[in-house]
Amino acid sequence: MVSRSVRLFSLTSVVPLVAGFSALTVVPVRAQLPTPPALDIPVQAPPASNEPEIVRPMMLDGTLMSPQGGQRLMDEAKQAVGMQNYQLAATKLLEARQVFNQLSNTYQELAGSFTGLDNRISDSLRKKALETAQMRDDATYQLALVHRAQNKPELAVPLLVQIIRSQQPTRDLGQKAYQQLFELGFVDSPFPRPRAGSGGSATPETSSQK
């Protein structure tokens, strides 16, 4: 009787345990791959330098605000003259004249800012101002010739006078401008005066100054 009771106790004790195990959710174990070691790539820092970083100047050749831009307008005007399109030529020359004039004034103002501070920069800027002023006067002279071809002396005369004031009558371009005024009848005295006994009309002498 006692052994039967023991067996019943054992069965009644095992059944709840089996039921409890059957109620558990079996979670599959996923294999974890080992994490690859990180690559240790050394990054070299730029060498330290005590010299200041030099910033390269931007090239303005492709813009109108440059001597090259003004020269392109001059070339386009020359092509227009070759096609006898004087209106287009006058427009291009006027634009070139304005570009060169603005450049010359800007260089001159900058040169004044560096006077007594850095003569090297000041001299360089003054040289640029003179070069672009010469380009401006060249464009002005060509524009005056185009107005002559258009039979518009009222537009050519003021431009020629401006050239003489800028270049002075002793320089080559100034003499050419005065000769145009003489041919238009705006002035009646040739310059330079013809030599005694040479006769003929006055011919501007070529100055060594450019």
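Of Lys127/Lys176; Lys78/Lys128; Lys78/Lys152, which sit over 22 Å apart, Cα to Cα?
Result: Lys127/Lys176; Lys78/Lys128 exceed 22 Å.
Counting only protein heavy atoms and a 1.4 Å probe, tell me what percentage of the stretch 83-132's accessible area is made up of carbon and sulfur.
Whole-percent figure for carbon plus sulfur exposure: 50.
Per residue, how many Å² of accessible area does the stretch 85-124 show with a 1.4 Å probe?
On a per-residue basis, the stretch 85-124 sits at 61 Å².
Can you give me the accessible area per residue for the stretch 139-182, using a 1.4 Å probe, in Å²?
Per-residue accessible area for the stretch 139-182 comes out at 45 Å².
Cα gyration tensor of the stretch 75-208, axes a ≥ b ≥ c as square roots of the eigenvalues: rounded (a/c below 1.5), prolate (a/b > b/c) or oblate?
oblate
Mind running the shape call on the stretch 121-174? Use the C-alpha gyration tensor, a ≥ b ≥ c as the square roots of the eigenvalues: rounded below 1.5 for a/c, prolate if a/b tops b/c, oblate otherwise.
It comes out prolate by the Cα gyration axes.
From the protein chains alone at 1.4 Å, what is the descending order of accessible area for Leu93, Leu117, largest first?
Sorted by accessible area, descending: Leu117, Leu93.
Under 5 Å between amide H atoms, partner at least 5 residues away or on a different chain: which partners does Gln150 have, H built in plane at 1.01 Å?
The list, which skips near neighbours in sequence, is empty: none.
Beta carbons within 10 angstrom, averaged per residue: use that to sort the peptides 138-149, 164-175, highest first.
Descending mean neighbour count gives 138-149, 164-175.
The values are calculated or read from the model by the stated rules, or taken from the named source; none is laboratory data. Model, not experiment: these values are computed from the prediction. Quick reminder, even Gly has a Cβ in these numbers, built from the backbone with ideal geometry, and neighbours come from all protein chains shown. What goes into the accessible areas is simple: the full protein's heavy atoms, side chains included, and nothing from ligands, DNA or RNA. Shrake-Rupley method; radii C 1.70, N 1.55, O 1.52, S 1.80 Å.
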